[in-house]
Amino acid sequence: MRFDGLYLAGLGSWLPPATTTAEAVRSGQCSAETARKSEMESVLVAPDGIAPPEMAARAARVALERSGVARGDIAVLLHATLFHQGYDLWSPAAYVQRAAVGGTCPAIEVRQVSNGGMAALDLAASYLLADPARQAALITAADRFDGPDFDRWHSDPGTAYADGGTAMVLSSTGGFARLRSLAVVGGPELEGMHRAGAAFGEVEMRDRQLVDLDAHKRSYVAEAGMSQTLAAILDGQREALKRALSDAELELSDVDRLVLPHFGRRRLVSNYLRHMDVPLERTTWDFDSRIGHLGAGDHIVSLEHLVRTGGLQPGQTCLLMGVGAGFTWSSAVIELLETPDWAS
Ligand SMILES: CCC(=O)NCCNC(=O)CCNC(=O)[C@H](O)C(C)(C)COP(=O)(O)O
């Protein structure tokens with residue numbers, strides 16, 4: 001979809017300390033093989049005692065402060081998550097709202113796996129466009145990938161999972177950057193990839209097993225075929241990219257920077273870079289490889305990094321490309337209008 005009147009007014013994050021891959025290998029948390037393939041420098045690991053909704057609330061306060069948007073003007077809060085937020089049958093989105101925003105707007109959790117942040121942006125954009133009286137939306141994302149049932153290094157080898165909270169304020173009245181286009185494409189034929197080899201409820205519900213996406217993927221690919229699986233992944237990715245670039249009236253070569261999912265290097269190449277004529281330097285890999293995969297928050301934190309460090313200059317465009325189990329793929333074009341005062 002093409003947009004003319006939607007703006008990014010604020011970005012924020014709450015990022016815990018990094019554990020280097022070398023430390024993770026030394027402590028036995030990460031195998032040398034996984035470390036070698038991923039080429040990750042480090043991943044962010046949250047200290048004990050802070051739950052994802054609190055991480056999101058801290059990021060939201062930063063984004064709101066930077067945006068100058070009054071909390072009473074937030075028309076909707078969308079909180080994107082992948083994993084445990086702390087309690088069952090409880091609203092983490094409402095926690096973020098009570099802790100960071102207040103007010104009486106709807107606070108809704110978006111479960112779109114790693115495309116959750118981009119899906120929330122898509123929903124927020126449509127929500128604001130539906131009523132001119134709606135001035136702003138708050139998007140948050142936060143997870144922590146630890147605990148007895150997830151291994152941040154080996155539950156999905158090829159992607160090293162990181163803890164942290166991110167937030168974005170989308171505005172229909174103004175901001176430092178413009179959302180020029182956004183496309184989200186679904187591909188349900190791939191949904192089995194993250195559950196294959198285990199019947200519903202047999203594994204997940206009875207006694208929490210360690211999440212082992214690699215086993216599910218191996219089982220799925222054994223039946224579907226690797227080349228067919230990769231082809232289906234690329235089809236959806238390309239469709240979302242084509243729509244977003246077309247709506248922004250740009251070619252991929254026109255785009256100044258790219259923010260891709262924080263995959264390990266090998267998976268980033270096999271799923272993205274090998275098929276796109278884009279040098280690694282135009283991506284945020286150097287930064288991403290020190291963060292890890294924040295689940296639904298990769299794009300917010302890497303865009304914040306680009307803006308804060310001057311990696312994106314006024315007039316330049318940044319392409320955000322997301323993907324989530326399902327699958328869903330997203331692409332968005334952001335144009336920086338001015339360097340905000342919170343950037344160095
Ligand atoms: C589960 C978290 C989530 O939503 N992640 C985003 C969706 N997953 C992806 O886009 C990754 C898709 N690609 C893969 O899983 C792998 O590249 C393949 C296609 C299974 C090949 O395995 P590899 O050689 O990378 O280990």
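Overview of values
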quantity	calculated
Net charge, S253 excluded, C-beta distance under 15 Å - Lys, Arg +1, Asp, Glu -1	-3
Label point at V221 placed 7 Å out along Cα→Cβ; residues across the stretch 262-290 whose backbone nitrogen lies under 19 Å	262-276
Size of the chain as Cα extents on the principal axes (Å, biggest first)	50, 43, 37
Convex hull volume per residue for the stretch 136-251, taking Cα atoms only, in Å³	157
Mean separation of Cα contacts under 8 Å (6+ apart) over length of the stretch 111-223, as relative contact order %	27
Alpha-carbon radius of gyration plus Dmax, which is the widest Cα pair, for the stretch 114-187 in Å	15.9, 47
Simple label model, 7 Å out from Cα along Cβ direction - E65 to R274, nm	4.4
Local electrostatic count at H262 - Lys and Arg +1, Asp and Glu -1, tallied over other residues with Cβ under 14 Å	-4
Antiparallel DSSP beta bridges within the chain, percent to nearest 5	70
Computed over the stretch 42-95, the ratio Rg/Rh where both radii use C-alpha atoms and Rh is Kirkwood	1.00
Computed lengthening from R308 to A198, 0.36 nm per intervening residue step minus Cα-Cα distance	35.2 nm
Cα-based helix-to-principal-axis angle, 226-247 vs the chain, degrees rounded to 10	0
Formal net charge of residues neighbouring V62 (Cβ-Cβ distance under 14 Å; K, R +1; D, E -1)	+1
Trypsin sites (Lys or Arg not before Pro) restricted to the stretch 197-302 and DSSP loop, no more than 15 other C-beta within 10 Å	R206, R208
The chain: angle of helix 298-309 to the longest principal axis, Cα-based, in degrees nearest 10	50
Contact order relative to length of the chain, as percent, for alpha carbon pairs under 8 angstrom and 6 or more apart	26
Residue-averaged 222 nm ellipticity for the chain, from DSSP H runs of 4+ at -39500 (n - 2.57), nearest 500	-9500 deg cm²/dmol
Residue among H79, S302, S270 farthest towards the positive dipole end of the chain, charges placed on Cβ	S302
Listed residues S42, S91, S181, most fluctuating in the chain (Gaussian network, C-alpha, under 10 Å)	S91
Ordering of 51-62, 28-39, 293-304 by packing [mean C-beta count within 10 Å, highest first]	293-304, 51-62, 28-39
HN-Hα J in Hz across the stretch 323-337 - Karplus 6.51, -1.76, 1.60, θ = phi - 60°, x for Gly and Pro	7, x, 3, x, 9, 10, 10, 9, 9, 9, 10, 10, 10, 6, 8
Helix 52-67 vs. the chain, principal-axis angle (Cα, 0 to 90°, nearest 10)	30
Highest-MSF residue in the chain out of L320, L258, L89 [GNM, Cα springs under 10 Å]	L89
Residues Y95, Y161 arranged by fewest to most Cβ contacts within 10 Å	Y95, Y161
Relative contact order of the stretch 191-263, pairs being alpha-carbon contacts under 8 Å that are 6 or more residues apart, as %	27
HN-Hα J in Hz across the stretch 110-118 - Karplus 6.51, -1.76, 1.60, θ = phi - 60°, x for Gly and Pro	10, 9, 10, 6, 6, 8, x, x, 6
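Readers should treat all values here as calculations from the given coordinates under stated rules, not as data from a laboratory. Predicted, not measured: the structure shown is a model, and the values here were computed from it. Cβ atoms come from the backbone with ideal geometry, glycine included; neighbour counts cover every protein chain shown.
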